[in-house]
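The values are calculated or read from the model by the stated rules, or taken from the named source; none is laboratory data. The structure displayed is predicted, hence computed values, not measured ones. Quick reminder, even Gly has a Cβ in these numbers, built from the backbone with ideal geometry, and neighbours come from all protein chains shown.
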Amino acid sequence: MKLVLDVNILLDVVQKRAPFYFTSATVLSKILENEHAGYLPGHAVTTLYYLVQRYADKARADEVIDWLLVHFEIIPQDKVQFVRARALAMPDFEDAALVTAAEAAKCDIILTRNLSDFQGAPVVVMSPEEFLAQP
């Protein structure tokens with residue numbers, strides 16, 4: 001299954017955020033064990049770098065990005081995707097851009113903590129807990 005992760009799932013693990021760490025780390029483990037393919041939209045890589053550098057430091061941000069580039073597919077984003085994201089009329093443009101990246105890469109599920117921000121998305125959206133509870 002092709003999973004696209006919202007930045008908040010990665011931050012749960014990088015920052016060891018309770019109470020979300022365990023489920024988000026379990027999702028990442030399934031990707032690392034090749035049970036599922038992990039994807040990130042291109043814009044998430046720079047956003048994650050900025051956030052990790054801000055709460056930690058440049059060395060940690062470099063380490064996180066290098067790890068992601070080894071273990072995740074990065075979805076290229078272009079003007080067509082951003083125009084489509086604007087047309088989705090979602091409350092948050094960044095989330096809409098994540099949706100159009102997921103569509104472009106034909107991902108099966110978007111995993112996020114902010115389910116309400118993705119209402120009406122044309123891609124299945126789940127929390128890590130919902131995803132892991134599936135048979």
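Below is a table of values for the structure above.
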| item | result |
| --- | --- |
| Residues of segment 5-27 classified as free of Cβ contacts under 8 Å to residues at least 40 places away in the same chain and assigned to a helix (DSSP H, G or I), total | 4 |
| Among the candidates PHE82, PHE131, residue that is surrounded by 14 or more Cβ atoms within 10 Å (Cβ to Cβ), over 14 Å from the mean Cα position of the chain (by Cα), modelled with pLDDT of 95 or more and among the aromatic types (Phe, Trp, Tyr) | PHE82 |
| Qualifying positions in segment 69-88 - under 19 Å from ASP117 (Cβ atoms) and touching a residue at least 12 places away in the same chain (Cβ under 8 Å) | ILE75, GLN77, GLN81, PHE82, ARG84, ALA85, LEU88 |
| Helices (runs of 4 or more DSSP H) fully within segment 34-135 counting 3 or more residues that are under 26 Å from PHE22 (Cβ atoms) | 42-55, 58-71, 93-104, 128-133 |
| Segment 31-59: number of residues that are surrounded by 14 or more Cβ atoms within 10 Å (Cβ to Cβ), of a type outside the set (A, V, I, L, M) and under 17 Å from ASN8 (Cα atoms) | 8 |
